[in-house]
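This report concerns only the one structure given below.
The values are calculated or read from the model by the stated rules, or taken from the named source; none is laboratory data. Since the structure is predicted, the reported quantities are computational estimates derived from the model, not experimental observations. In this analysis, Cβ positions are derived from the backbone assuming ideal geometry, glycine residues included, and neighbour counts consider all displayed protein chains.
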Amino acid sequence: MAKYGFIGMGNMGYAIMNALLKLYPASDFLFSDANPDREAWVKKQTKVEAAQTNAECANQSQVIVLAVKPQFYDTVLKNIKYAVKPEQIIISIAPGITIETIRKKLGDKARIVRAMPNTPALLGEGITGVSYDAEDFTEEEKAVIHQLFQSIGAMEVVPESMMDAVVCASGSSPAYVYMFIEALADSAVKYGMPREKAYTFAAWAVRGAAQMVLETGKHPGELKDQVCSPAGTTIAAVAALEENGFRNAVMKATDACYEKVMSMKKA
């Protein structure tokens with residue numbers, strides 16, 4: 001029996017499995033994917049065997065990672081319903097799909113972990129929000145769950161009621177950051193900087209600012225104030241951002257993200 005079985009080999013499923021392959025041999029893994037070309041590519045890259053069906057993958061794995069998009073969950077859960085056993089750990093990484101929803105499909109004895117990673121996991125720099133009922137798992141099993149997500153970056157255990165906010169704060173937000181980097185680089189290009197250098201300067205500024213928040217423990221507003229000299233260039237730029245609704249635009253974006261998650265639950 002495999003230690004980990006992955007159903008779905010999109011970017012996130014592949015990132016998690018690839019990170020765990022640094023800790024365990026390929027023989028500890030099994031996966032399934034609906035796309036034959038993707039399946040062949042993953043097998044070639046990782047030397048991990050592919051199961052013929054989702055049910056086989058689930059039946060032969062101790063930890064089952066559901067790494068498919070939300071719209072495919074109903075189909076996949078039907079596929080594996082009779083293959084899942086109470087002693088297995090089921091990990092879901094889809095936004096908007098609750099533990100209760102999955103349990104209704106797989107049975108009351110199913111032990112489920114709900115998680116929301118983000119795409120920087122591809123580089124081992126992700127952050128994952130994780131939610132589960134601690135009473136359902138042994139200490140050894142909790143260690144397995146934590147190791148899985150720590151292999152792709154940082155993780156935080158949160159109540160399931162916060163998971164939809166995690167989607168807003170980190171699951172979808174890398175896209176907004178990329179847009180900010182692109183816009184910042186465009187502005188530098190406008191003033192004569194070569195584009196590749198502009199992307200480098202902008203990306204490093206974002207990376208460094210993020211590290212300052214994480215490592216100093218200071219409020220972002222305090223760190224912002226430290227850069228804003230009286231009558232200086234930065235405070236002029238900050239004033240322009242405020243005038244053009246920068247913070248409000250970000251909050252409106254997260255509102256839209258949250259509303260979309262809610263609509264997924266109703267679908």
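Points to keep in mind about this one:
- Every residue from segment 216-242 that is closer than 23 Å to A175 by Cα and either exposed (fewer than 10 other Cβ atoms within 10 Å of the Cβ) or not assigned by TED's automatic domain parsing to the domain that holds Y178 (or both): G221
Listed here are the residues, each with its yes/no results for (1) out of contact with any Phe, Trp or Tyr (no Cβ under 9 Å at 6 or more places or on another chain); (2) without any contact (Cβ under 8 Å) to a residue 12 or more places away in the chain.
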| residue | (1), (2) |
| --- | --- |
| D28 | no, no |
| A40 | yes, yes |
| K44 | yes, yes |
| T53 | yes, no |
| C57 | no, no |
| T75 | yes, yes |
| P117 | no, no |
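- Residue match in segment 207-215 (condition: touching a Pro at 6+ places or on another chain (Cβ under 7 Å), in a helix (DSSP H, G or I), surrounded by 11 or more Cβ atoms within 10 Å (Cβ to Cβ) and free of Cβ contacts under 8 Å to residues at least 24 places away in the same chain): yes
- Filter result for S92 (touching a strand residue (DSSP E or B) at 6+ places or on another chain (Cβ under 7 Å), hydroxyl-bearing (S, T, Y) and farther than 21 Å from G171 by Cβ): no
- Of the helices (runs of 4 or more DSSP H) entirely within segment 45-125, those holding at least 3 residues that are surrounded by fewer than 19 Cβ atoms within 10 Å (Cβ to Cβ) occupy 73-80, 99-106.
- Any hit, segment 192-199, residues being in the same structural domain as A256 (by TED's automatic domain parsing), of a type outside the set (A, V, I, L, M) and surrounded by 14 or more Cβ atoms within 10 Å (Cβ to Cβ): yes
- Whichever residue in segment 131-150 is within 17 Å of the chain's Cα centre (by Cα) and surrounded by fewer than 22 Cβ atoms within 10 Å (Cβ to Cβ) and, among such residues, is nearest to Q211 (Cα to Cα): Q150
- Matching residues, segment 252-266, being of a type in the set (G, A, S) and surrounded by 15 or more Cβ atoms within 10 Å (Cβ to Cβ): A253
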